[in-house]
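The values are calculated or read from the model by the stated rules, or taken from the named source; none is laboratory data. Given the structure is predicted, the values throughout are model-derived calculations rather than measurements. Methodologically, a virtual Cβ is constructed for each residue, glycine included, from the backbone with ideal geometry; neighbour enumeration extends over all protein chains shown.
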Amino acid sequence: MSRPKVLIVEDEKIVAADIQDSLQNAGYCVPALASSGEEALQQDLQHKPDLILMNIMLRGGMDGIETVHQIYQRREAPIISLTAYGDPTILERAKATEPIVFVMKPYEETSLLAAIEISLHSYLATRERAKRELRASEERYRSLDAGLEAGQPIGGAVGWRLLC
């Protein structure tokens, strides 16, 4: 498998560079850094990262919370929210984006790397489970459809069955 791509959205250049170094040293690919919501949207379209680290308090016209909403309108992506703000109002807004993990700054490098690893694993496992469930549902539908085409009744001597 190729190295997971992580987009870092952080308006503090030193913090962004520090995160980038940590991730690259841990074997992740960091195709881009974004310092604004608008730039994050462009980089997301261009690189389609496997995971996004999103500072929720970005400078500019679009904060990280709004940026996440915009990304979710286009595609599914696991997002880890980063913030130095523990304000309940901000946290409530951030919760609405359903981040996989919420990391408070300052953070320990090992904690951030563990959050990324667990988030990627959880996201991929959930997608695989959904694919398996979809395939099973499609197979049940095909089986039912084939039975109906063959003229087989879907009810039996005991009565009609619910096909769920």
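Listed conditions (1) of a type outside the set (A, V, I, L, M, F, W, C); (2) modelled with pLDDT of 95 or more; (3) in contact with a strand residue (DSSP E or B) (Cβ under 8 Å, 6 or more places away or on another chain); (4) not in a helix (DSSP H, G or I) are all met by residue 27, apart from (3).
In contact with a strand residue (DSSP E or B) (Cβ under 8 Å, 6 or more places away or on another chain) and among the charged types (D, E, K, R): is that true of residue 44 in this structure? Judged against the criteria, residue 44 is a match. Residue 31 satisfies every condition listed in (1) in contact with a His (Cβ under 9 Å, 6 or more places away or on another chain); (2) over 24 Å from residue 127 (Cα atoms) except (2).
The C-beta contact set for the stretch 27-54 (first residue within 21 Å of residue 107 (Cα to Cα) and in contact (Cβ under 8 Å) with a residue 60 or more places away in the chain, second residue hydrophobic (A, V, I, L, M, F, W, C) and assigned to a helix (DSSP H, G or I), distance under 7 angstrom, 6+ apart or interchain) comprises 51/116; 51/120; 53/19.
Against the criterion of being more than 20 Å from residue 116 (Cα to Cα) and of a type in the set (A, V, I, L, M, F, W, C), residue 58 qualifies.
Among the residues of the stretch 70-85, is any in contact (Cβ under 8 Å) with a residue 12 or more places away in the chain, assigned to a helix (DSSP H, G or I) and crowded, with 17+ Cβ neighbours inside 10 Å? Within the stretch 70-85, one or more residues are in contact (Cβ under 8 Å) with a residue 12 or more places away in the chain, assigned to a helix (DSSP H, G or I) and crowded, with 17+ Cβ neighbours inside 10 Å.
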